[in-house]
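Each remark here refers to the structure printed beneath this line.
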Amino acid sequence: MNIWESVRIAVRALNANRVRSLLTMLGVIIGVAAVILLVAIGTGVQDEVTGTIEGLGSNLIFVFAGNMEDGGGGSGFSINRPLTSAEVDLLADRLSDEHRVVPVVQGPVTLRSGNRTMRSTVAGSNEYAEEVFTADYIGGRHYRRSEVIAGSRVAILGSRVRDNLFPFQDPIGREIDINGLRFTVIGHLAAQGGSLTGDQDNQIFMPLSAAQRVLGTTDLSSIIVRAAEADRIDSVQAQIERILRPSLGEEFSVMTQEQTLGMLSTLLGTLTVMLAGIAGISLLVGGVGIMNIMLVSVSERTREIGIRKAVGAKTYDILIQFVIEAVMLSVLGGLIGVLIGWGGALALQAVVPTQVTAWAVGLAFFFSAGVGVFFGVYPAWRASKLEPIAALRYE
Amino acid sequence: MSVPQDRPASAFAKDLTGSKIARPVLTVTGVTKTYFLDEVVVHALRGVDLDVNAGEMLAIMGPSGSGKSTLMHVIGLLDLPTSGTVKVEGEEVSDMEPNKLAAVRNKRIGFVFQAFNLLPRTTALANVELPLIYAGVSSADRARLAKEALEQVGLDDRIHHLPNQLSGGQQQRVAIARALVTKPSIVLADEPTGNLDSRSGVEIMAILQQLNSEGITVVLVTHDHAVASHGQRIIHLGDGSIVRQETVLEPIDAKANLEAMLAAAAVSEAAAEAR
Ligand SMILES: Nc1ncnc2c1ncn2[C@@H]1O[C@H](COP(=O)(O)OP(=O)(O)O)[C@@H](O)[C@H]1O
Ligand SMILES: [Mg+2]
């Protein structure tokens with residue numbers, strides 16, 4: 001009997017047991033799609049956040065609200081006293097003029113231009129932001145000191161924002177809707193690359209008070225101080241702590257760029273591990289589903305094997321049929337799962353950053369397909385060794 | 001119709017093979033089958049010797065649990081005996097490897113089960129094609145041969161029906177078509193009429209007698225003496241051994257019976273119409 005004959009038998013058998021075939025495939029599909037999607041979210045968020053920090057200039061010191069040292073570990077930290085412009089003024093006043101003090105407010109926004117909508121991150125700051133958010137201008141200019149003071153509704157687009165909202169067009173002077181407020185585009189940036197996702201390219205920059213209005217807050221996300229020289233970072237860090245302690249007590253943290261990246265990586269790593277854990281559970285649930293359906297149908301399939309053997313099927317004929325059946329179901333289910341997981345990750349990008357990773361696709365596919373093939377073939381292999389009458393009598 | 005003979009079966013068999021020059025198509029020698037359950041040992045067969053001659057129609061009778069099905073499974077190569085040997089057309093099959101046995105089942109033996117054992121959700125045609133697939137017949141030939149076999153059992157108008165769309169008698173006819181589609185030399189039928197109404201039973205017996213008249217050896221199991229009397233010889237099993245056998249001098253002609261039944265039905269229908 002040649003292989004095409006075996007394929008034909010397998011297809012007929014799958015077709016004769018359509019419900020079982022579909023349920024098995026569903027198990028594979030759910031497992032694969034869930035893993036790909038969840039890992040994509042974890043990786044996407046991590047890439048976006050670290051990408052944002054990495055995309056900044058050098059010699060930076062970050063000031064955050066809340067005390068990260070004594071709050072760290074189990075309980076996390078709570079912010080009793082947010083940073084405001086008062087601290088910015090204090091630092092600008094007391095630090096030597098060669099260092100730049102840059103307030104930052106950051107948050108998620110929805111952008112709209114015509115019928116195009118996208119999700120992005122807004123960063124509001126002052127006229128020194130250029131020195132912190134290093135990027136090359138393709139066209140236009142940075143916002144001016146006067147615009148910062150007035151809180152003008154002007155915006156600079158990251159490359160991805162421009163490409164999505166104004167593909168192959170010059171965005172300068174165009175209007176854009178940010179969380180329902182109208183802004184005028186005054187500049188746009190070159191792609192920075194570097195990070196895999198280029199998520200630092202999915203940002204939009206504007207004067208601080210405009211950003212605060214868009215986000216509906218008067219607080220700051222952080223204050224960034226750019227030290228004039230690299231070997232003065234440590235002394236500037238100590239100076240900042242001394243300046244802010246009288247008014248903020250212990251309710252703030254000062255970290256260098258390196259320390260910040262390290263901390264964020266740890267935090268986001270935990271997120272990814274959590275999502276991977278959930279994904280693992282989905283995979284297991286999908287696997288148990290596949291196993292369950294396969295095992296429930298063992299008695300029926302064993303009788304089928306008995307019938308086939310009674311009319312002359314050899315052990316090889318039975319095995320090859322079941323291997324082909326299981327492989328076809330699992331591979332087809334796996335491919336559909338990859339399509340759904342990948343498509344879902346792309347669709348979700350409007351809400352949450354996602355990044356599909358090869359290892360998640362591979363792991364999910366091979367695990368689910370492996371479970372499908374094993375539980376499809378193993379009982380059949382055992383049944384194929386029974387005497388025909390024993391297989392026919394199986395209950 | 002039949003003459004019971006109370007001589008021991010083995011003596012009779014020797015006598016028979018000696019007097020005619022019968023060629024055994026199946027030879028069973030000293031076959032035992034013992035099932036070892038948890039604590040109980042069941043002796044289903046306790047040493048059976050039997051020759052089935054080419055072209056004969058043999059019935060095996062006996063009370064429930066006497067070992068009829070077990071014997072059929074052993075001679076149909078569906079199960080291995082605990083001891084003893086089975087020869088098919090003179091060839092020793094007892095110690096053949098499983099794949100060779102599968103080939104013998106496929107080409108030389110057709111088995112009809114009491115419970116039909118058709119593949120569910122699979123058309124009559126595909127069920128009948130099944131043995132041909134494993135015989136390596138090309139798909140065009142398969143369809144043709146399977147249609148012919150279904151025609152032979154009078155089901156040419158039901159070839160695309162699924163088993164659950166067929167009556168018991170029709171399912172049994174599909175099973176018979178499957179048994180004869182590879183043109184085997186032996187057809188074994190285990191209580192083929194056991195699950196059927198009397199009319200369907202007569203139809204099945206007519207088909208088996210027709211096959212036998214075409215030269216195929218038929219062995220059938222039944223606990224109904226009237227059914228057994230369609231054969232030329234009856235073997236009586238009791239508690240795992242052959243207790244006696246009888247020769248049927250004038251086997252029942254199922255086809256004639258069927259025609260009589262049809263005529264009677266027509267008469268009563270006509271009578272009903274006249275009233
Ligand atoms: N698979 C089995 N396991 C244990 N005992 C069995 C098995 N098959 C048959 N038997 C026993 O063997 C005896 C003969 O059974 P069987 O050949 O089916 O009888 P019959 O067909 O004449 O009614 C019975 O006592 C039955 O209980
Ligand atoms: Mg029986």
Query raised in the report: Quick one: is A:Val296 more than 13 Å from chain B (Cβ to nearest Cβ), surrounded by fewer than 18 Cβ atoms within 10 Å (Cβ to Cβ) and not polar (S, T, N, Q)?
Result: yes
Query raised in the report: Taking the condition within 20 Å of B:Glu89 (Cα to Cα) and within 16 Å of ligand 2 (Cβ to nearest atom), does B:Leu237 pass?
Result: no
Query raised in the report: Mind checking which pairs have a first residue in the range B:80-102 that is closer than 13 Å to A:Tyr316 by Cα and a second that is of a type in the set (A, V, I, L, M), Cβ under 7 Å, 6 or more apart or different chains?
Result: B:Ala102/A:Ala313
Query raised in the report: Residues A:Leu56, A:Leu14: which one is farther than 26 Å from A:Trp342 by Cα and either modelled with pLDDT of 85 or more or basic (Lys, Arg) (or both)?
Result: A:Leu14
Report summary line: Taking the range B:112-127 and the residues there that are in contact with a helix residue (DSSP H, G or I) (Cβ under 6 Å, 6 or more places away or on another chain) and within 16 Å of ligand 2 (Cβ to nearest atom), the one that is nearest to B:Val219 (Cα to Cα) would be B:Val112
Requested in this report: Give the residues of the range B:40-83 that are more than 15 Å from ligand 1 (Cβ to nearest atom) and surrounded by 15 or more Cβ atoms within 10 Å (Cβ to Cβ), sorted by residue number.
Outcome: B:Asp49, B:Asp51, B:Val52, B:Asn53, B:Ala54, B:Gly55, B:Glu56, B:Met57, B:Leu58, B:Leu77
Query raised in the report: Conditions: (1) touching a Lys or Arg at 6+ places or on another chain (Cβ under 7 Å); (2) touching a residue at least 40 places away in the same chain (Cβ under 8 Å); (3) surrounded by fewer than 23 Cβ atoms within 10 Å (Cβ to Cβ); (4) over 30 Å from B:Ser64 (Cβ atoms). B:Ala124 meets all but one. Number of the miss?
Result: (3)
Query raised in the report: From B:Leu188, B:Leu150, B:Leu166, B:Leu130, which residue is at pLDDT 95 or above, touching a helix residue (DSSP H, G or I) at 6+ places or on another chain (Cβ under 9 Å), closer than 19 Å to B:Gly201 by Cβ and crowded, with 22+ Cβ neighbours inside 10 Å?
Result: B:Leu188
Query raised in the report: over 20 Å from B:Thr27 (Cβ atoms) and not β-branched (Val, Ile, Thr), is that true of B:Leu262?
Result: yes
Query raised in the report: Condition test on B:Glu246, is it surrounded by fewer than 15 Cβ atoms within 10 Å (Cβ to Cβ) and either in a strand (DSSP E or B) or not hydrophobic (A, V, I, L, M, F, W, C) (or both)?
Result: no
Report task. Could you check, for the range B:172-180, whether at least one of its residues is under 25 Å from B:Glu89 (Cβ atoms), at pLDDT 95 or above, within 13 Å of the chain's Cα centre (by Cα) and within 16 Å of ligand 2 (Cβ to nearest atom)? Result -> yes
Query raised in the report: For the range B:57-101, how many residues are within 16 Å of ligand 2 (Cβ to nearest atom), away from chain A (no Cβ under 14 Å) and part of a loop (DSSP other than H, G, I, E, B)?
Result: 5
Requested in this report: Please state which one of A:Gly337, A:Gly343, A:Gly372 is open to solvent by less than 10 Å² (accessible area, probe 1.4 Å) and either at pLDDT 90 or above or polar (S, T, N, Q) (or both).
Outcome: A:Gly337
Report task. Scan the range A:84-124 for residues that are surrounded by 13 or more Cβ atoms within 10 Å (Cβ to Cβ) and farther than 28 Å from A:Pro171 by Cβ and jot them down. Result -> A:Thr84, A:Ser85, A:Glu87, A:Val88, A:Leu90, A:Leu91, A:Ala92, A:Arg94, A:Leu95, A:His99, A:Val101
Query raised in the report: Just a yes or no: is a residue in the range B:88-99 open to solvent by less than 10 Å² (accessible area, probe 1.4 Å) and either acidic (Asp, Glu) or farther than 21 Å from B:His230 by Cα (or both)?
Result: yes
Report task. May I ask you to say which residue of A:Ser222, A:Ser247, A:Ser265, A:Ser209 is open to solvent by less than 70 Å² (accessible area, probe 1.4 Å), in contact (Cβ under 8 Å) with a residue 40 or more places away in the chain, in contact with a Phe, Trp or Tyr (Cβ under 6 Å, 6 or more places away or on another chain) and not β-branched (Val, Ile, Thr)? Result -> A:Ser222
Query raised in the report: Taking the range B:187-233 only, how many residues are under 24 Å from A:Ile389 (Cβ atoms) and either within 16 Å of ligand 1 (Cβ to nearest atom) or within 14 Å of another protein chain (Cβ to nearest Cβ) (or both)?
Result: 17
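The values are calculated or read from the model by the stated rules, or taken from the named source; none is laboratory data. As the structure is a prediction and not an experimental result, all values here were calculated from the model. Counting neighbours? That spans all protein chains shown, and the Cβs are built from the backbone with ideal geometry, glycine included. Quick note on the areas: whole protein, heavy atoms, side chains included, nothing else; ligands and nucleic acids left out. Shrake-Rupley method; radii C 1.70, N 1.55, O 1.52, S 1.80 Å.
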